[in-house]
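None of the figures in this text is laboratory data; all of them are computed from the coordinates on show. Values in this document were obtained by computation on a predicted structure and should not be read as measured data. Note that we place each Cβ from the backbone using ideal geometry, even for glycine, and neighbour counts take in every protein chain shown.
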Amino acid sequence: MSVQDEKSSLAATLAEALGIPLERAERLLESKSTRLMRYRNIEYIVLRRDVGDHYEGTSVILLPDGGYRVVEGYPHIGRVLLLSRAVPRHFVDYVVVEEKMDGHNVRVIMIDGEIYALTRGGYICPYTTHRMRRTYGEELRGLFDEVGHEAVIAGEVVGMENPYTRYYYPEAPYWDYFIFDIFTADNKPVPVKERRRLVEEHGLRGVPQLGVVHKDDWQTILEIARGLETAGREGVVLKDPDYRVEPLKYTTAYINARDIMEGMKFPFDEGHSFIFPRVLRQMFKAFEEEWDEARLREEAHRLGEAILLPAVESIMRYARGEVLAEEFILEFASLNELEEFISYAASLGIPITIVSIDVGDSSVKARMLKHKKTPEHYRRIFRTGLSPLD
Ligand code: ATP
Ligand code: MG
């Protein structure tokens, strides 16, 4: 096929897959809204923004037989500020309270009997794919055999050994996968009870279910959230038992402050956009939970520290000539796997460098850095003494 023919056949496939006119598909393919990717022998097109009713993070997988498979992006979950208002209004009768785990969103799919792991952005991540296959390959295959090979399994990868979001969970210190949704071939979520049965019977892990409450009983949800608060966990996702209405999320004051603290380690990267949404969450928690003077002052103190301490520390580190970057360790089965991940990151423009490699008998551990924009800003500020903002 000539390059021109290949292009038009790609556009035709995309148009059919997304249910959009051919000209629109052609324009999308030329624009930054899509990206054509390859993982080994699989080619796929990633949507980098919503297109029609397809969310950002949707992947159109081009099958070797000329067909295609659309893997829908994981939907955005609306956020609750006031449980007392949102829960009775939004839900039908009962609400399943699930723990919201803090890691990164991964959809698992099966193509030609093989398992692949997709990031929230819709990319097949080689690292996550390998780890998923090693940890749960057989179990996931069993689950797909029962729910259908076209199903999509969605869950949170949690633990310290991933390149995306790392928090320590005692039940999953390094790397683990907690399933929170299963979508059938027609993209319908499997009801909560059935999903939990499937997950358990196939030897997989699911997010903890913390209760089932009536929608008028928002106080119980608040109590559950308080328990998570003291345990230093992220929050809850509220779901209709049959997904008749969309889920909602609600987070703890602890995590709202901790996220700001993490974000402000790199003020010009995450820091900037992290602050206001989280301040807003604290404001309405203070109101709804009726924080007394002491609690309010305690939270105000914590918030101030979360904003300023890591930020000032980052300037000190910069001034001492230290590298301001995220550091993490990943475990691979081989050097080939490591190489595959590095070229994947490079193809996406993710600025990762390797600090050291430790080759063991059965695995390779690599210490890596993900670089940030903050040092660039500091460099300019130190040179000119001027603020990039007003
Ligand atoms: P968005 O705001 O678009 O949903 P985000 O990544 O900013 O994206 P979060 O605030 O982390 O969203 O909340 C949504 C995410 O929470 C989901 O994408 C999923 O990865 C994660 N999550 C953790 N536990 C659950 C759960 N029990 N049910 C559903 N999602 C969960
Ligand atoms: Mg999250």
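Annotations
- Choice from V359, V237, V190 showing the highest fluctuation, given a GNM over the chain with Cα pairs closer than 10 Å: V359
- Order of F284, F332 - criterion: other Cβ atoms within 10 Å of each residue's Cβ, fewest first: F284, F332
- Take every Cα pair under 8 Å whose residues are at least 6 apart in sequence, average their separation, divide by the length of the stretch 325-371, and the relative contact order is 52 percent.
- Using C-alpha pairs under 8 Å with a sequence gap of at least 6, the mean separation divided by the residue count of the chain gives a relative contact order of 13 percent.
- Note on R367 and E171: the model spin-label points, each 7 Å out from Cα along the C-beta direction, lie 3.2 nm apart.
- The listed peptides 315-325, 101-111, ordered by packing as a protection proxy, come out as 101-111, 315-325 (highest mean of other Cβ atoms within 10 Å first).
- Computed lengthening from L309 to A346, 0.36 nm per intervening residue step minus Cα-Cα distance: 10.1 nm
- Tail fraction, Cα-Cα pairs, the stretch 3-71, threshold 15 Å, whole percent: 47
- Efficiency of FRET from Cβ geometry, R244 and I20, R₀ 35 Å, rounded to 0.05: 0.75
- Beyond 32 Å in Cα-Cα separation lie the following of the pairs K239/K365; K100/K370; K32/K239; K249/K373; K249/K372; K32/K249: K239/K365; K32/K239.
- Comparing D358, D65, D217 in a Gaussian network model of the chain where C-alpha atoms under 10 Å apart are linked, the largest mean-square fluctuation is found at D65.
- Antiparallel beta bridges, as assigned by DSSP with both residues in the chain, represent about 95 percent of the total such bridges.
- The stretch 254-319, Cα convex hull volume normalised per residue, Å³: 62
- Relative frequency of Cα-Cα separations exceeding 35 Å in the chain, percent: 34
- Summarising the label geometry, the points placed 7 Å from Cα in the beta-carbon direction at R383 and E322 lie 2.4 nm from one another.
- Compared with the direct C-alpha span, the chain from R197 to K7 gains 63.9 nm at full extension, assuming 0.36 nm per residue.
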